[in-house]
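Participant: For reference, the structure I am asking about is given below.
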Amino acid sequence: MRLALYLPLALALGAQVPTPPTAKDMAGHVESARLRRTVERLAAFGTRHSLSKSSTEAHGIVAARNWLIGETRNLAMLPGSRLIPFEDRFVQEPGPRVPKATEMVNVGVLLPALDPSRVKDALVVCGHYDSRASDVMDAETDAPGAVDNASGVALTLEMAYVMAADRTAINIYFVATAGEEQGLLGAAHLAKRLKAEGVNVIAMLAADTVGNTSGPGGAKINTTVRVFSEGVPTAETEAQKQARESLGGENDSPSREFARYLKRFGERFADQLEMKVMLRRDRVGRGGDHLAFNREGFPAARVTETQENFDRQHQNPRIEGGRTYGDSPAFFDPGYCAKITREMVGAFHGLALAPEAPRDVVLSGAATNDARLSWAPVTDPRVASIVVYRRNADGVVWQEGMPVPIGNSTVLPGVGTDNYFFAVATRDRDGNESLPVAPSRAQ
């Protein structure tokens, strides 16, 4: 059963948006005021707990979901929009945090692929729209969830808004996911569904908790953002494990390459916002929707604020001992969230236009002074050059990218294999690059 897609049914949202011809223009259309409105609207539903009841159109998870459905249909009505709304409905069977069978719905829009040879390739960006109070099973207490995670939903909708007319080679799914606080339920269902439908998810981003900048004691951090990703693939096969151990590739999974890509290309689109590539799949003892995609073998990462405030996350709203608890919109920093959104727009636009990535990358030249990289012949006619990346073996991000002529191998004279890591990407004539692909085996 495929995702339920809908034709536009509603009036346009807000002012008309001109078709943005470049990533810079699209990033420039991101508005902090629109992000704030989305966060305030979602927080106003009282609680968005997955088990909450909606007695009116203004309270609870169903009311919030219906509002989101309206927003996605509004996005499809924007001038020049190519977006197609969809709902991914499923019944979650009873489990540890779901005491009885419960309908859940992922709500989103699809920006369809324009390259007929790549209609099964896709990028996914998600922000979970459910919230929780101190007790994960408390479906009654107010849980406004402004930063966790109305901010991630706002980022996702804003990306869709400014990219609505983008003419991408591959698909982009913009999704508000359900049931994250109850166990990544919506993301797990969506990942399994896309895999079953034969969709090749090139990369997935979970936008989760992307709006707080103030911490205990008044500390403020608004110039960095963190990107988490797995180093060793969760779904690694035995053959892949053996190759990784031979190459020492514990820090070069496809997910980690995606995190590096977001930093390398995203930072161009926002001033004074450094993206930190974290060498963890998520925060200690915690996990977000990207992990559900990792379990299905898809590359995925999580973007999240640097300064988390734990008086606000997963807390009943209250004042206790002179401290304010609870996730109120008053603590959401829309300017910070806008900078993060701009970086994501820029990176996603380039990746959605990039040629197909190289395949079957092989590293040889061990015990010599000349590293040699080879790969399967590229067949995408849009490839204008191959880019060979390298970094010191003690480095985190790529330190050098060297364009080489189209072919299926290159030799790096005087560059031994042991002191560097390598990867290979494709680039088109406009500078759009694929994800780098690290060697999958050594010879």
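The values are calculated or read from the model by the stated rules, or taken from the named source; none is laboratory data. Just so we're clear, the structure is a prediction, and the values are computed from it rather than from any experiment. Positions of Cβ are generated from backbone atoms using ideal geometry, with glycine treated the same way; all protein chains shown enter the neighbour counts. Note: accessible area is taken over every heavy atom of the protein model, side chains too, but ligands, DNA and RNA are not part of it. Shrake-Rupley method; radii C 1.70, N 1.55, O 1.52, S 1.80 Å.
Participant: Student exercise: in the chain, how many lysine pairs 8 or more apart or on different chains have Cα atoms under 19 Å apart?
Facilitator: Lysine pairs meeting both conditions in the chain amount to 10.
Participant: How high is the relative contact order of the stretch 11-125, in percent, with contacts defined as C-alpha pairs under 8 Å that are six or more residues apart? Working shown, then result.
Facilitator: Details: 131 pairs, mean separation 24.8, N = 115.
Taking the mean separation of contacting Cα pairs over the length of the stretch 11-125, I get 22 percent.
Participant: Is the C-alpha gyration tensor of the stretch 25-126 telling us rounded, prolate or oblate? Criteria: a/c under 1.5 is rounded; beyond that, a/b larger than b/c is prolate, otherwise oblate. Don't skip to the end; give the middle numbers.
Facilitator: On the way: a/c = 2.46, a/b = 1.38, b/c = 1.79.
Since a/c reaches 1.5 but b/c is at least a/b, the shape of the stretch 25-126 is classed as oblate.
Participant: At 7 Å along the Cα-to-beta-carbon direction for both R441 and A384, put a label point, then send me their distance in nm to one decimal.
Facilitator: 3.4 nm
Participant: For a distance above 12 Å, tell me the whole-number percent of Cα pairs in the stretch 205-258 that qualify.
Facilitator: Working: 1034 of 1431 pairs.
When all Cα pairs of the stretch 205-258 are counted, 72 percent exceed 12 Å.
Participant: Along the charge dipole of the chain, which of G401, V147, Q307 sits closest to the positive end, that is, farthest toward it, with unit charges on the beta carbon of Lys, Arg, Asp and Glu (+1, +1, -1, -1)?
Facilitator: G401
Participant: In addition: Report, to one decimal in Å, the Kirkwood hydrodynamic radius for the stretch 150-296 based on all distinct Cα pairs. Walk me through the numbers before you get to the answer.
Facilitator: Numbers: mean 1/r = 0.0587 Å⁻¹.
So the Kirkwood estimate lands at 17.0 Å.
Participant: Same structure, new question: Excluding E31 itself, calculate the net charge of residues whose Cβ lies under 13 Å from the Cβ of E31, where each Lys or Arg counts +1 and each Asp or Glu counts -1.
Facilitator: Details: positive: R34, R36, R37, K339, R342; negative: E158.
The answer is +4.
Participant: Compare D282, D380, D327 in a GNM of the chain, Cα atoms joined below 10 Å, and give the one with the largest fluctuation.
Facilitator: Between D282, D380, D327, it is D380 that shows the largest mean-square fluctuation.
Participant: Still on this structure, please answer the following. Counting only heavy atoms of protein chains, what accessible area per residue, in Å², does the chain have with a probe of 1.4 Å?
Facilitator: Values: 17770 Å² over 443 residues.
Each residue of the chain exposes 40 Å² on average to a 1.4 Å probe.
Participant: Using the Cα gyration tensor of the stretch 67-119, with a ≥ b ≥ c the square roots of its eigenvalues, what is the shape: rounded (a/c below 1.5), prolate (a/b larger than b/c) or oblate (neither)?
Facilitator: Details: a/c = 5.46, a/b = 1.92, b/c = 2.84.
Oblate is the answer for the stretch 67-119, as a/c is 1.5 or above yet b/c matches or exceeds a/b.
Participant: Specify whether the C-alpha gyration tensor of the stretch 84-168 places it in the rounded, prolate or oblate class, a ≥ b ≥ c being the square roots of the eigenvalues: rounded for a/c under 1.5, otherwise prolate if a/b is larger than b/c and oblate if not.
Facilitator: oblate
Participant: What is the Cα coordinate range of the stretch 321-371 on the first, second and third principal axes, sorted by size from largest, in whole angstrom?
Facilitator: Principal extents (Cα only, largest first): 65, 33, 17 Å.
Participant: Please sort by residue number the trypsin sites (Lys or Arg not before Pro) in the stretch 24-108 whose DSSP state is loop and whose Cβ has at most 16 other Cβ atoms within 10 Å.
Facilitator: Working: sites: K24, R34, R36, R37, R41, R48, K53, R65, R73, R82, R89, R97, K100; in loops: R48, K53, R82, R97, K100.
Within the stretch 24-108, the qualifying trypsin sites (Lys or Arg not before Pro) (loop, at most 16 other Cβ atoms within 10 Å) are K53, R97, K100.
Participant: Can you list which of the chymotrypsin sites (Phe, Trp or Tyr not before Pro) found in the stretch 226-322 are DSSP loop residues with at most 15 other C-beta atoms within 10 Å? It would help to have the intermediate numbers written out before the result.
Facilitator: Working: sites: F228, F258, Y261, F265, F269, F293, F310; in loops: F310.
Those satisfying the criteria are F310.
Participant: Stretched out fully, how many nm does the piece from N408 to D138 gain, at 0.36 nm a residue minus the Cα gap? Display every interim value, and only then the final one.
Facilitator: On the way: separation 270, 0.36 × 270 = 97.20 nm, distance 5.75 nm.
Residue separation times 0.36 nm, minus the Cα-Cα distance, leaves 91.5 nm.
Participant: Dipole magnitude of the stretch 284-374 about its Cα centre, charges +1 at Lys/Arg Cβ and -1 at Asp/Glu Cβ only, in debye to the nearest 20? Please report the intermediate quantities before stating the final value.
Facilitator: Details: 10 positive and 12 negative charges, 13 e Å.
Around 60 debye, computed over the stretch 284-374.
Participant: Give me the Kirkwood hydrodynamic radius of the stretch 215-290 in Å, from all C-alpha pairs, to one decimal place? All intermediate terms of the calculation are to be shown ahead of the outcome.
Facilitator: Working: mean 1/r = 0.0703 Å⁻¹.
One over the average 1/r among Cα pairs gives 14.2 Å for the stretch 215-290.
Participant: Within a Cβ distance under 13 Å of R427, other residues only, what is the Lys/Arg minus Asp/Glu net charge?
Facilitator: On the way: positive: R264, R382, R429; negative: E356, D380, D428, D430, E433.
Within the 13 Å Cβ shell, the charges total -2.
Participant: Remind me, relative contact order of the stretch 292-397 in percent, using alpha carbon pairs under 8 angstrom and six or more residues apart? Kindly include the intermediate steps, with their values, before the conclusion.
Facilitator: Details: 58 pairs, mean separation 12.3, N = 106.
The normalised contact order for the stretch 292-397 reaches 12 percent.
Participant: Once the other residues with Cβ under 12 Å from the Cβ of G416 are scored (Lys, Arg +1; Asp, Glu -1), what is the net sum?
Facilitator: Local charge sum for G416: 0.
Participant: How much length would be gained if the chain were fully extended between N392 and V284, taking 0.36 nm per residue of separation minus their Cα-Cα distance, in nm to one decimal? Don't skip to the answer; put the middle values down first.
Facilitator: Details: separation 108, 0.36 × 108 = 38.88 nm, distance 2.70 nm.
Result for the pair: 36.2 nm of gain on full extension.
Participant: Give me the percent of accessible area attributable to carbon and sulfur for the chain, probe 1.4 angstrom. Before the final figure, lay out the partial values.
Facilitator: Values: 9210 of 17770 Å².
Carbon and sulfur together cover 52 percent of it.
Participant: May I have the convex hull volume per residue, in Å³, for the Cα set of the chain?
Facilitator: Details: hull volume 62.8 nm³, N = 443.
That works out to 142 Å³ per residue.
Participant: Take the Cα atoms of the stretch 302-443, build their convex hull, and give its volume per residue in Å³. Write down the numbers at each step before the final one.
Facilitator: On the way: hull volume 22.2 nm³, N = 142.
Convex hull of Cα atoms, per residue: 156 Å³.
Participant: Fully extended, how many nm does the chain gain between Q399 and E197 (0.36 nm per residue separation, minus their Cα-Cα distance)?
Facilitator: On the way: separation 202, 0.36 × 202 = 72.72 nm, distance 3.77 nm.
Extra length available between Q399 and E197 comes to 69.0 nm.
Participant: Can I ask one more? Which helices pass in the chain if a helix is a full DSSP H run, must span at least 20 angstrom along its long axis by Cα, and must have mean Kyte-Doolittle hydropathy not below 0.0? Don't skip to the end; give the middle numbers.
Facilitator: On the way: long enough: 61-76 (23 Å, 0.29); 334-353 (28 Å, 0.45).
The qualifying helices are 61-76, 334-353.
Participant: Could you work out which residue, out of D130, D271, D394, moves most in a Gaussian network model of the chain, that is, has the largest mean-square fluctuation with Cα springs under 10 Å?
Facilitator: Maximum among the listed residues: D394.
Participant: Of the candidates E305, E71, E103, which one comes out as most mobile in a Gaussian network treatment of the chain with C-alpha springs shorter than 10 Å?
Facilitator: The residue with the greatest mean-square fluctuation here is E103.
Participant: Using only DSSP helix segments of four residues or longer, with each worth -39500 (n - 2.57), what per-residue ellipticity at 222 nm results for the chain after dividing by its residue count and rounding to 500? Don't skip to the end; give the middle numbers.
Facilitator: Numbers: 9 runs with 107 residues, N = 443.
When only DSSP H runs of four or more count, the value is -7500 deg cm²/dmol.
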